[in-house]
C-alpha cells in the first residue's frame, strides 16, 4: 500500500549529557504522587512484560511492555492522574475553608469531610479514560462530578464513567471543542476543571495529573535492571509522554532512552509543533480509532518538556494500531498475551510502521541490539469494540 507513515527527528532535542532543568515537572512532585497513590486501596504494581519472540520477529534486541490494563480496575494509566488531581484539589479546598491542613487521603476516604465536600463539583472533557479517572476520584474522595464527552465516544465508555456517579453530557465538536466547553461551563457554574491539558492561566491541576502519571515511570525504573535504548510513548495532548520523559531524564540522565512520541496521522499536533518549532493546532474532526489520542492541541506543560526532551515523533495510520492489537492478543513463541485497546497498542503500531520503512527505522535509530520499551496505556476500555477488532482480519503493511 502507499504507506502515509511519517517521522521526524526533533531539531531542538537536548543533547544526551544535558541535565534536566527548568521544566515544570519536579522530582519532589513525582515523589509526592507516588507516596500518595501507592497508599490508596487497590494499589498494585502493574506488570512489565518481556516479548522475546516479538523482538526477534521485529529484528530488535528486546521489547518490554508496561501493561496498564488493570490499573485500579479502571483499565488505564489515566487512573493515576485524574484521581490524584481530585484528591489534591480537595485537600487545597479544605485548607482554604479553614479546615485542618494538611488533610490526608486516608481522612478523605474516611468520609470525615463528606458534608464540606458536597459543595465541590469537578469536571473535565474526555474521550473516555481521563473522565473515568476523574469520576472515580470524585466518588472515592466524596465530591460531585460532571463529565463532557464528544459525540464519537461510545455508550460503553459513557456508561463506564457514569458508573462512578458522574453526570455525563455530550457536546458537539471535536475533543478540543469539548475542552473549551467544559472550561466555559465550569467558570459559569463555579465548578473546577480537572484536566491533563494545560493552557495559559491553568497549570496547577494539570501538573498534579502529570505528576500522577509519573508513577508509571517510577515503577518501570524499579522493574528494569538497565534503561532501555528507546521508549515509544503515545501522545494526545502529550501529558503522559512529558511525564515519562521528565522522570526518565531525571532518573537515568545521559543513559536515558531515546524518547519517540507516537501520534495518529489525523491528530498529530506534537509532530507539527516540533516541525514548526512552536505549538501548532490541528483542526477538523481528528477522527482516529486511537480515540484517546484524538487531540489537536499540545498541552502547554507537555510542550515545555517535549520541545527539548522528545528525540523523535512518528505519525501512523489507524490500520497499524488494529494490527498491533491483534498481535498482542495472539502472541507467538510463548510471549504473554496482552489485552491492549486501540490507544494502548500505539507503541507497537509505530514499531510495525518502522519495520515497513527502512528510512524511518534508521531515523529512529532502531538496530538489532535496540531494547525498546512500549506502554500499553489501556486495556479493553470498550470490550465490544475490542472483540470486534480482535475478531477482524487484515493488517497494515
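The values are calculated or read from the model by the stated rules, or taken from the named source; none is laboratory data. As the structure is a computational prediction, the values presented were derived from the model and not from experiment. Glycine also receives a Cβ, built like all others from the backbone with ideal geometry; neighbour counts cover every protein chain displayed.
Numerical summary
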quantity: Matching residues, region 271-303, being in a helix (DSSP H, G or I) and either surrounded by 15 or more Cβ atoms within 10 Å (Cβ to Cβ) or touching a residue at least 60 places away in the same chain (Cβ under 8 Å) (or both); calculated: 271, 272, 273, 274, 275, 291, 292, 293, 300, 301, 302, 303
quantity: Residue count, region 226-240 (criterion: farther than 18 Å from residue 23 by Cβ and either at pLDDT 95 or above or not assigned by TED's automatic domain parsing to the domain that holds residue 267 (or both)); calculated: 7
quantity: Residue list for region 349-378, filter: in contact with a strand residue (DSSP E or B) (Cβ under 6 Å, 6 or more places away or on another chain), assigned to a helix (DSSP H, G or I) and under 24 Å from residue 223 (Cβ atoms); calculated: 349, 350, 364
quantity: Of all residues making up region 250-265, the number that are assigned to a helix (DSSP H, G or I) and surrounded by 24 or more Cβ atoms within 10 Å (Cβ to Cβ); calculated: 0
quantity: Residue match in region 64-80 (condition: crowded, with 24+ Cβ neighbours inside 10 Å, under 15 Å from residue 369 (Cβ atoms) and in contact with a helix residue (DSSP H, G or I) (Cβ under 9 Å, 6 or more places away or on another chain)); calculated: no
quantity: Filter result for residue 225 (out of contact with any strand residue (DSSP E or B) (no Cβ under 7 Å at 6 or more places or on another chain), part of a loop (DSSP other than H, G, I, E, B) and free of Cβ contacts under 8 Å to residues at least 40 places away in the same chain); calculated: yes
quantity: Considering residues of region 154-176 that are in contact with a helix residue (DSSP H, G or I) (Cβ under 7 Å, 6 or more places away or on another chain) and crowded, with 17+ Cβ neighbours inside 10 Å only, the residue farthest from residue 189 (Cα to Cα); calculated: 160
quantity: Of the criteria (1) modelled with pLDDT of 95 or more; (2) out of contact with any helix residue (DSSP H, G or I) (no Cβ under 8 Å at 6 or more places or on another chain), which one residue 354 fails; calculated: (2)
quantity: Members of region 181-206 that are exposed (fewer than 15 other Cβ atoms within 10 Å of the Cβ) and out of contact with any helix residue (DSSP H, G or I) (no Cβ under 9 Å at 6 or more places or on another chain); calculated: 184, 187, 188, 189, 190, 201
quantity: Positions within region 1-42 being in a loop (DSSP other than H, G, I, E, B) and surrounded by 15 or more Cβ atoms within 10 Å (Cβ to Cβ), in sequence order; calculated: 3, 5, 10, 13, 14, 20, 23, 24, 25, 26, 40
quantity: Flag for residue 344 being part of a loop (DSSP other than H, G, I, E, B), at pLDDT below 95 and either within 20 Å of the chain's Cα centre (by Cα) or surrounded by fewer than 22 Cβ atoms within 10 Å (Cβ to Cβ) (or both); calculated: no
quantity: Given (1) within 19 Å of the chain's Cα centre (by Cα); (2) not assigned by TED's automatic domain parsing to the domain that holds residue 84, number of the condition residue 201 does not satisfy; calculated: (1)
quantity: Restricting region 366-397 to residues that are more than 23 Å from residue 289 (Cα to Cα) and over 24 Å from the mean Cα position of the chain (by Cα), the residue that is surrounded by the most Cβ atoms within 10 Å (Cβ to Cβ); calculated: 367
quantity: Of the criteria (1) under 17 Å from the mean Cα position of the chain (by Cα); (2) at pLDDT 95 or above, which one residue 295 fails; calculated: (2)
quantity: Residue list for region 143-196, restricted to those being without any contact (Cβ under 8 Å) to a residue 60 or more places away in the chain, under 25 Å from residue 118 (Cβ atoms) and in a helix (DSSP H, G or I); calculated: 158, 159, 161, 162, 181, 182, 183, 184, 187, 188
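Per-residue answers, yes or no, for (1) farther than 30 Å from residue 255 by Cα; (2) surrounded by fewer than 22 Cβ atoms within 10 Å (Cβ to Cβ); (3) more than 24 Å from the chain's Cα centre (by Cα):
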{"residue": "315", "(1), (2), (3)": "no, no, no"}
{"residue": "318", "(1), (2), (3)": "yes, yes, no"}
{"residue": "329", "(1), (2), (3)": "yes, yes, no"}
{"residue": "358", "(1), (2), (3)": "no, yes, yes"}
